[in-house]
Structures are given as C-alpha cells and as structure tokens.
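The next block holds one structure in the form of structure tokens; read it before the comments.
The values are calculated or read from the model by the stated rules, or taken from the named source; none is laboratory data. All values derive from a computational prediction rather than experimental measurement. Cβ placement follows ideal geometry from the backbone for every residue including glycine, while neighbour counts extend to all protein chains displayed. Keep in mind that these areas ignore ligands, DNA and RNA; they rest on the heavy atoms of the full protein, side chains included. Shrake-Rupley method; radii C 1.70, N 1.55, O 1.52, S 1.80 Å.
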Amino acid sequence: MFIVYILGFVLSLVLALGLTPLVKRFAVKVGAVDVPNARKVHTRIMPRLGGLGIFLAFVLSLLAVMPFLPFDLAERDSNFIKAFLIGGSIIVLTGALDDRFDLNAKLKFLIQTGAACVVVFGFGIKVDFVNLPFSNDYSTLENWIAIPLTIFWIVGVTNAVNLIDGLDGLAAGVSGIAIGTILVMSLINGNLLVAMLCLLLLGGIVGFLFFNFHPAKIFMGDTGSLFLGFSLAMLSLLGFKQIAVLSFITPLIIIGVPLSDTFFAIVRRKLQKKPIFAPDKGHLHHCLRELGFSHRQTVLIIYGIAAFFGVLAVIQSASAMFEANWVTFVVICVMMFFMQIGAEIIGLVGQTKRPVLQLLSRLRVKPQDRAKP
C-alpha cells in the first residue's frame, strides 16, 4: 500500500509538471487570460486555466493507481469515486468556460448546484448521520435535512476556495494544507480511500505550485479554485461517513481559512449594503498587503494560518478517540477567539468594526488609574 500510494503521488506530481506548461500554451491560444484591473494585484496579462493541469494529473494518476489498490472498494466508495469524477468534471468545465468567457455569477451558482445534485441524487452521496460535538452518539439525519445540507456544503465550500484565489500560490497552497490535514486524519483512522485521494491531489497541487508560486507563470483560474473547493467538500463528506471519530465541527476547522474569509466577506458586504457576490478588496490577502507585507510574505502568513487551523483539526479529531470532549470545547473557543481578534486587527470587516478590541481596551486598567485613591 505504501509503495502504491507513493508512486501515485509521484506520478501525479510529474504529470502536473508536464501538463501545466501545455495548459499554459492552450490558455494563451484560446484567450483564457487574466487582464489586470483595479481589484487585482498582478500588473500583466496572465494565462488562466492552470487548474486543468491539477485536474488532469489527478484523474490520470487515479486511473493508473486504481488497478493496484491493496483493498477492495465498497459500493459506497465506488459510487463516491464516480461522483467525484463526474461532479468534478462538471465543475472544471464550468471553471474553464468562466476563465475564457467570464460567466455570470448566478449561472455558475446554478451549475455548481447542478453538480452537487448529481452527487446527491445520482450516486446517493450525502451526510446521512453526524457525530455531534461534545457527544459520542450519532444523530441520523432525515432526507429533508441531509439532502439540502449536503448540497449547501458542496456549493459553499466550492465557492469559499474561489474567494481566496487572489495571490500567486495562495488558493493552491491553502487547499494543499487542508488536504494534507485530511490526509493525516485519514491515516490515523485507517481510511485508505481518503488517504489515496488526498495524496493524488497533493501531487497535482505541488506540481502546479512550481509554476504558480510568486512570481507566477500561470493562474489556476476558476478551473482550479472551484475544483479544489469541490474536492475539499467531497473529501469532507466522505469523512462524515467513514471516519467515525470526526465530529461535525472538524471539517469546518480544516477549511477554516476560506470559510472564515467567506464569512467575514458576507458580513462586510452586508454592513456596507453591497450584494453578497459583489467583488471587493477587503479579503484577508488584500488586508495583509495593505498592512505592508510583501506578496510572498502575505502568502506565507496565510499558509501559517491554514496550518494553525489544520493542527487544531487534528487535535480535535484525535481527542475524540479518547472521548476528551473538553478538548473540542477548548479548540472551538481558541479558534473563534483568534478568528475574531485577527479579523479586527487586520480589518476584514472594516477599519471601524472592532468590538472585541474596543471592549478589551475599556476593560484594561491604566497604571495611573491604579494609583488614584
């Protein structure tokens, strides 16, 4: 198993290294390029469609590895792989068309919902029960809850990764860290299928990052960001069923960076009375750049934040094996505190929206105040 998995990772990496330059030429030929504007940080025309290299590397390496798997696939696992490939193909095609023709946001949302429906209704993949936080009991979900929850999860996570794709190597690196986190937990819990899929995806991402890290030679575009978001959503879904020790909160921690950035973007736009899908320059990477960090420093800082969320997710998941529910409570509190403080310091919601920092400032007693009788 170890040899097959490592060879699969290496194959995916080599394929991404070989395919990405070809995708770059294809993107330029068909006019799938990113033109600089006031909202973007790059200053020259860049080819998009880079995510196609990740997708092709993943699919080809998966097809090569499948005959040599050291275990038999259960029916649900087989259906999951089919749903992954078909749903992922729909998402990649949507992203590729958007990279070339700039599709309407509502149209993309409808197609993403359609892909999620294919996964749910075509292959029966859904969150049918969850292990709730602070409890070792499983709660079975009725279809009227499970189906919309699954569709919402897939569409939401798919778009969350797309929102952080604003700097060279950012979305690919953050997604790679999240997938690496899922890989660690799948190995701890003996989930061989998830581990294999994670390794193949990681190979494609690492290979692509050779061309995408600053200064980038190609962007992944919506082709890549939507596919990686879809992949994270699907791998998390499989975790709900297969990794028994995972609680409902763990997948949220794993993708904490894109989800928190999306959450604060929605709050920010609501406060500013703007449409939810309206683009702006208030995302995490924009705010860090405004604080004076360089392009690479900003990306590495966000990598560190993503790794922090990953460590919290692993700690929370491991604690569930020993029924240490208090650890889950501590992890959630630590995560929420640092998210809020970090958002206020960086200015994710706005420069004047700092309720916790203002409260701490009012509670702090100045030295001269202590000296007064």
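Highest average first, the peptides 304-310, 205-211 ordered by how many other beta carbon atoms sit within 10 Å of their residues are 205-211, 304-310. Within the full protein context, the accessible area of L197 is estimated at about 0 Å² for a probe radius of 1.4 Å. Remark on D34: its backbone amide H falls under 5 Å from those of M46, R48, a criterion applied only to residues 5 or more positions apart or on other chains, H modelled at 1.01 Å from N. Judged by the mean number of other Cβ atoms found within 10 Å, the most tightly packed of the peptides 165-174, 266-275 leads the ranking 165-174, 266-275. The listed residues T223, T262, once ranked by accessible area (1.4 Å probe) with the largest placed first, stand as T262, T223. Residue by residue, the stretch 92-109 carries 3J(HN,Hα) couplings of 5, 4, 4, x, 5, 5, 5, 4, 8, 10, 6, 5, 5, 4, 5, 5, 4, 4 Hz when phi is fed to the Karplus relation 6.51 cos²θ - 1.76 cosθ + 1.60 (θ = phi - 60°); x denotes Gly or Pro. Annotation for S294 and I45: the two label points, set 7 Å from Cα along the Cα-Cβ direction, are 2.9 nm apart.
The label point for L107 and the one for A74, both projected 7 Å from the Cα toward the Cβ, are 4.1 nm apart.
Remark: spin-label model distance K274-V30 equals 3.1 nm, labels positioned 7 Å along the Cα→Cβ axis.
Students often check this: by mean Cβ neighbours within 10 Å, which of 152-163, 182-193, 18-29 ranks highest, and how do the rest follow?
Values: 152-163: 22.6, 182-193: 20.0, 18-29: 17.7.
The densest-packed peptide leads the list: 152-163, 182-193, 18-29.
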